[in-house]
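These notes are about the structure you will find just below.
What follows is calculated from the coordinates using simple rules that are stated; it is not laboratory data. Please read all numbers here as calculations on a predicted model, not as lab measurements. With ideal geometry, Cβ positions are generated from the backbone for all residues, glycine too; neighbour counts draw on all protein chains shown.
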Amino acid sequence: MKLNQNCEICNNKECFLFEHITYELHKQLDNKMSYTRYKKNQQIIKEGDTVMGMYFIKKGKVKVYKESNYREQIIRLAKDGEILGHRGLGGDNTYPISATTLEDSEICFIEQGVFFKLMKNSTELSIKMMLFYADELRKTEIRLRNMAVMTVRERIAEALLLMKEAFGSKNGQETLLDVELSRKEIAELAGTYSEQASRYITEFKEDNILKLDGKKIIIQQSDKLVKIIENYAS
């Protein structure tokens, strides 16, 4: 069910739009922004669909991925305030990725034409979008290069650090990965198979690098994960 989103009274201070447009432009978004409540594992964007607009995560966690030969490759983990669907702007006007919730989430939506008008009226938003694209491209290139030369053990270590960056909640020396990713999803983030993910998570557990709290992972010694991939760019 879609509901109107009043950007003026939204309390999500991490929202990409909230940070980079003026109060006057926020007011202009009234009745032009909507949001939908999605259940866990519900698809927001399907690869190949026609681009309708941009999505912003008001609250929740999302995986962004590509599908190939009936397998998924997770290319990004996204959280509160972040953008979805921007990769579809321009080109053939179709979404080149899919996006699915990792927990119950609230997702805002703005039509493509309205977003382009915002960019025309906000130099700051246009510059931030350009920098965002550049940073995402840099990270993607580094990941692709690393995955081509890393061992499976190193790729699992990197995947855990990516989860920490996206969803980590620090408690003293430990960091809770506040998301329930299956071994299959961790493998899809690392570009390997679930059996390999299980093997190295067990190894890291035996080495006291991490421990399990139900379906969630607690990293006890993130410095050891960093050490494993220290020879690669980040």
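Bridgeable lysines around LYS66 (alpha carbons under 19 Å apart, same-chain partners fewer than 8 residues away excluded): LYS40, LYS46, LYS79, LYS139, LYS184. A crude spin-label estimate for the pair GLU174 and PHE132, with each label 7 Å from Cα along the Cβ direction, gives 3.5 nm. Each part reduced to its alpha carbon centroid, the stretch 158-178 and the stretch 65-79 end up 20 Å apart. Taking the charge dipole of the chain about its Cα centre, with +1 at Lys and Arg Cβ atoms and -1 at Asp and Glu Cβ atoms, the residue from VAL51, SER122, LEU29 reaching farthest to the positive side is VAL51.
If you sort the three axes of the alpha carbon gyration tensor as a ≥ b ≥ c, you get a/c under 1.5 for the stretch 154-234, which makes it rounded.
Subtracting the Cα-Cα distance of GLN43 and ASN93 from 0.36 nm times their residue separation leaves 16.1 nm of extension gain. Out of SER182, SER222, GLY91, whose Cα points farthest toward the positive end of the dipole of the chain (charges: +1 Lys, Arg; -1 Asp, Glu; placed on Cβ)? Checking the options against the dipole of the chain, the answer is SER182.
The mean sequence distance of close C-alpha pairs (under 8 Å, at least 6 residues apart), as a share of the length of the stretch 2-146, puts its relative contact order at 29 percent. Separation of the stretch 100-146 and the stretch 30-61, taken as the distance between their Cα centroids, equals 13 angstrom. The C-alpha atoms of the stretch 27-70 occupy a region whose extents along the principal axes are 45, 23, 12 Å, arranged from largest to smallest.
So for the stretch 102-234, averaging the separation of alpha carbon pairs under 8 Å that are six or more residues apart and normalising by length, what relative contact order in percent results?
Rounded, it is 24 percent for the stretch 102-234.
Over the C-alpha trace of the stretch 66-161, radius of gyration and Dmax come out as 15.9, 48 angstrom.
A simple packing score, the average count of other Cβ atoms within 10 Å per residue, orders the peptides 136-142, 107-113, 214-220 as 107-113, 214-220, 136-142, with the highest score first. Database remark: amide H of VAL51 closer than 5 angstrom to the amide H of THR94, TYR95 (H placed geometrically; neighbours at sequence offset of 5 or more, or on other chains; Pro and chain starts carry no H). For the chain, the Cα-based Rg and Dmax, in that order, read 18.7, 55 Å. Under the simplified labelling scheme, the LYS27-PHE116 pair shows an inter-label distance of 2.7 nm, with each label point 7 Å from Cα along Cα→Cβ.
Couplings for the stretch 69-85, taken from phi via the Karplus curve 6.51 cos²θ - 1.76 cosθ + 1.60 with θ = phi - 60°, read 6, 6, 10, 9, 10, 6, 10, 6, 10, 10, 9, 2, x, 8, 8, 10, x Hz in order; Gly and Pro are left as x.
Charge dipole of the chain (Cα centre as origin; +1 on each Lys and Arg Cβ, -1 on each Asp and Glu Cβ, all else neutral): 220 debye, rounded to the nearest 20.
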